[in-house]
Each structure stands twice: as C-alpha cells, then as structure tokens.
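Right, one structure below, let's go through it.
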Amino acid sequence: CSRWEEEKKEDGVKWMQLEHRGPYFVPLYEPLPEDVQFYYDGKPLKLSLAAEEIATFYAKMLDHEYTTKEIFQNNFFHDWRKEMTAEEQEIIQDLEKCDFREIHKYFVDKNEARKALPKEEKQKLKEEADKIQEEYGYCILDGHREKIGNFKTEPPGLFRGRGEHPKMGMLKKRIMPEDVIINCSRDSKIPEPPEGHKWKEVRFDNTVTWLASWTENIQNTLKYIMLNPSSKLKGEKDWQKYEVARRLKDVVHKIRAQYRKDWKSKDIKKQQRAVALYFIDKLALRAGNEKEEGETADTVGCCSLRVEHIQLHRQLDGQEHVVEFDFLGKDSIRYYNKVSVEKPVFKNLQLFMKNKEPTDDLFDQLTTTFLNKHLQHLMDGLTAKVFRTYNASITLQEQLKALTNPEDNVAGKLLSYNRANRAVAILCNHQRSIPKTFARSMQVLQEKMDAKKKQVEEAQEELKKAEDEFEDTKDAKAEANVEKKKKLLKRLEEQLAKLNVQATDKEENKQIALGTSKLNYLDPRISVAWCKKFGIPIERIYNKTQREKFAWAIDMAGEDFEF
C-alpha cells in the first residue's frame, strides 16, 4: 500500500509519535558600526540598543511606500517611543526630525555586497543554511522523517498587513523561547531550549498537528509551526478537502433547487440566506465572517456586505436586473463585478435595501454561523468554502475539455491550460498588480519575435532561390537543397508561433494570479489526468515544490480521472 493509505487512526488522533528540535530562533540583533549614525534635528545621536534596533526596522523600509503613510508613521513612532530610555524620550519628540538615511544606506550597501559575493562565498552561506535546514527542518512523525513547513520564528520588525490595515507600522516583537509552547510525544526526546532559556510550556497533544505555537503581539493571534505541504499528514488533509468538494457535485442540484424555492419564502432570514448562498455559489464569494472593528482593515465577504457595496440596475449594458458589486475582499483586494441576476433575487435585494443607510448590513438577519449550520444540514462537511473549491475545480475541468485541441503542439496545449486556469482565477477574483518587470520582459520578447520574423523572411527568400535553382538544373543536389530549406523554414515558423503563444499568454496573465487557485482550489488530479491524457510532462504545470505537495495526486490519478 502507498504511504497515502496506511492504517487509519482513531477519530481525532493525528499521530502516535512526534519528535523534533523545536523552532529555530532568528539571530539576535547586531549593533550598527560606530561610523553609521542616526541624526536627530541634524545632530548625530547615539541610541540605546533597543531603540537602535527598532530604528533599523524603519530605516530598512525608507524606500517603501509604507513609510509615506501617516498611519504607519504614527503607529511606528508610538511603539518606538515605548522602547526608548527616558533621556531618548525627552529628546526624540518628532518623527519629522529623525534622519535614518545613513542607516538605510548601510543596509542597502550590505545587501549589494552580499549579492556581489564570489561564487564560493555564496556556496558557503548556502551550506550553512542547509545545515540549519537539516537540523531543524525535519521531524519524526510515526516513524516517517517529515519536512517541517516553517521551522524558523518570524524575525522582529514593523507590521505591514494588507491594504489599509489600521495596525500597520506597529512593532512586531522578537519571539523568545519563553513565548513558545512545544508539542511532541511523551516518549520522544523533548527539544532543548536555547541556553539560559526555558519553554513557556511543553505539551503532549496528539489531537493537533502543530509542533510549536506562540501568540504574536499585534493581532494577538496564535502562530504555529506546521508540517510542510508535502508531508503525508498535509497531503491527506488536502485530498480530503477535494473529496468533500466532489461529494457536493452529487447534491448541488438539490441545494440549488432549495435556495431558489427559499427566495420566495415568507421568512426574511431564509430569504437572505438563499440570496447569499446564490452569490456564494454563482460568484464564488467568500462567506465573510464577522470581525472586530479596528482590528483589521475594513474588508467584507458575502454575509458581511453592506448596502453601500452594491448598486441595483433594472437595465445596464443591454442586460436586465444587474447587480453592481464594489467592495474590498480578503487582503483588501477589490472585488468589482456587474452581474445579471434572476428577477426574484433582484426583487429580494430591493427589499433588503429598503429604508437602510449605506453603512447598514445588506443581510442583517444572517450570520456565517447560521449559514454554515444550514449547509452542514444539507451535506456533511459542507461550508461556504467548499463551494469555492467545487466551482473552481469544475470550471477548470469544463474549460480544459472545451479549450484543449488534441492537434495542438505542447505550447498550444499549455496556452489552453493557462486559459482554463485563468477562467478560475477570474471567478475567484485572484488578482495581482502588474509586475514591475512586465514592460521590460515584454519588450525583450518582442525583440526576440522581431528577430525571428526577420529569420523567417530570409528563409522564405532562400527557399525561393533554391526552388528557382532546382527549376533550372533539375538535379538531385538542388532538390535536396530545396528540402533542406523547406525544413529550416518550417522550424523557424514553429519557433515564431511558439513565441507568439508566449506573448499572448504573458499579456493575458499580467493582472491575474494563477498560483492561488492552483495551490488551494483546484483538485490536482484534474491537471495530472490532463497531462497524462495529452502527453504533457507534469513539470510543465507544476514546479518541484508543487509536485511534492501534490505527490498524492500524481500517484493516484489516471488519465480518465473525473472530478
């Protein structure tokens, strides 16, 4: 039996044996050299060690957009002052008068120097990093040596957050052994804390899969050290996730019939639940949990939509009953979409918006808990998230069927694959900002294409010459030459076509992030089956890390796998 199908443990138990070295703590702060100075109000000022370290966090970010934001500056200055000595607090009253430029330059130069190191020096650094990885990056779980995902603690620094996060600029404190809870098995060699320190606690809890945890000071959330995605434990969990989504396939028509019926319900709670579910199903919106105010950026999902986030149009762009969505979703990514909905949904939305302020909840009678309870009742293990996984995977499968031309060459088939993947990314609203290097790399590609076009034209002329010569002489040598020139032209034309495909792919992809759906929402067996069916090497779709993560799927799926 493969390692994916070993003996099952009793419910809730995740492992019998777990042994590891504990987290790797990032190196302590190294003070600045004497000749690198901080200036206040134009005069050099020697800072205490704690204050200096925090100053370097800000200095390193000087050329970043964050340090221009007022909220970032205020949060930083407030937290920095807390760590200063009384004398420093007395002097340093105004961020405007602080000059971090010399410190900034020191770190930029240090970075450049590291990049410019000779090859053997770089090799030495790599070997040191590998040694740490070997020592701290693996654990023994039920007799298997498994890779750990994130075995290093996060270094201290300034909190960034996504979008307009109200806490950006706050001080992320250094994690000490005294903050860390260790989890391992009773009979294992319990990890030693760094010298002179002790762990916060050691526990032996085999119902959870984390190896160590601590609370980070900004959001007060728990951080965990977990296994790498390629590990058996994570692979099984991933596989289960897609199996739940596949079960939804068998009941989704019943669920759709149910929510359509509920649009006409007399109970407003049911009505709201049915419209929200329609959005989650049709538009792959996230559920949208309730959040503490002021704790995170103002982002919403389906259940937490406010009246101001949608506009209703009886008619728009030649379509009827159009809902125009405009809100910030997870990670402050803007969701903007105009969708023609069914008439009862449109009517319901008019009702839900009646006599409400723009900042009122659209679904004021609905919570994610109430929604997920209902979903669990419809199918075991069903939550709003499962709809996203299901709709993403089914879309990929349908698009691949529709777009793949068996006659195409590998480049053509890969373009079709990426187009199918793009359809999913658009459904899930996975955007990215246009890469900084986009214009330059597009230009390089264009230059390659121009050069190749020229070669094609030259080859056409050469062929014409050879054909004329053959017309005159009719000898075998001239005939062979014609064949040779034909082959060359065909090869060059294929190369040009390949470059054209590349350029199309790049252009269509500039604002879309394919990786998120590929790693989290698409059943890898669909892609593996597609590769096997059309003879495409799997490494053209998945890189090494992804192949490790999806080893279970590469093992399992034949070419006729159906999601």
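The values are calculated or read from the model by the stated rules, or taken from the named source; none is laboratory data. Computed from a prediction, not measured in an experiment: that's the story for all the values here. Neighbour counts run over all protein chains shown; Cβ positions are idealised from the backbone, glycine included. To get the accessible areas, we keep the full protein, side chains included, count just its heavy atoms, and leave off ligands, DNA and RNA. Shrake-Rupley method; radii C 1.70, N 1.55, O 1.52, S 1.80 Å.
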* Looking at Ile426, is it assigned to a helix (DSSP H, G or I) and of a type in the set (A, V, I, L, M)? -> yes
* If you go through region 394-410, how many residues are within 28 Å of Lys498 (Cα to Cα) and part of a helix (DSSP H, G or I)? -> 10
* **Hits in region 127-153 (condition: of a type outside the set (D, E, K, R) and either touching a Lys or Arg at 6+ places or on another chain (Cβ under 7 Å) or not assigned by the TED database to the domain that holds Ala212 (or both))** => Tyr136, Gly137, Tyr138, His144
* To do: Specify the residue that is least open to solvent (accessible area, probe 1.4 Å); the eligible residues are those in region 296-325 that are within 22 Å of the chain's Cα centre (by Cα) and not hydrophobic (A, V, I, L, M, F, W, C).
  => Gly301
* Asked: Only one of (1) among the aliphatic types (A, V, I, L, M); (2) farther than 30 Å from Thr68 by Cα; (3) at pLDDT below 95 fails for Ala212. Which number is that?
  -> (3)
* Just for region 326-348: of the residues that are without any contact (Cβ under 8 Å) to a residue 40 or more places away in the chain and touching a helix residue (DSSP H, G or I) at 6+ places or on another chain (Cβ under 7 Å), which one is surrounded by the most Cβ atoms within 10 Å (Cβ to Cβ)? -> Phe327
* Asked: What are the residues in region 357-380 that are open to solvent by less than 50 Å² (accessible area, probe 1.4 Å) and either under 18 Å from Arg286 (Cβ atoms) or at pLDDT 95 or above (or both), if any?
  -> Leu362, Phe363, Leu366, Thr368, Leu371, Asn372, His374, Leu375
* **Of all residues making up region 7-43, the number that are free of Cβ contacts under 8 Å to residues at least 12 places away in the same chain and open to solvent by less than 80 Å² (accessible area, probe 1.4 Å)** => 1
* To do: Give Ala497, Ala478, Ala439 a once-over and let me know the one that is among the small types (Gly, Ala, Ser), surrounded by fewer than 13 Cβ atoms within 10 Å (Cβ to Cβ) and in a helix (DSSP H, G or I).
  => Ala439
* Asked: When you scan region 246-283, how many residues do you find that are assigned to a helix (DSSP H, G or I) and closer than 25 Å to Leu305 by Cα?
  -> 25
* Asked: Of all residues in region 268-278, how many are more than 17 Å from Gln350 (Cβ to Cβ) and either among the aromatic types (Phe, Trp, Tyr) or open to solvent by less than 70 Å² (accessible area, probe 1.4 Å) (or both)?
  -> 2
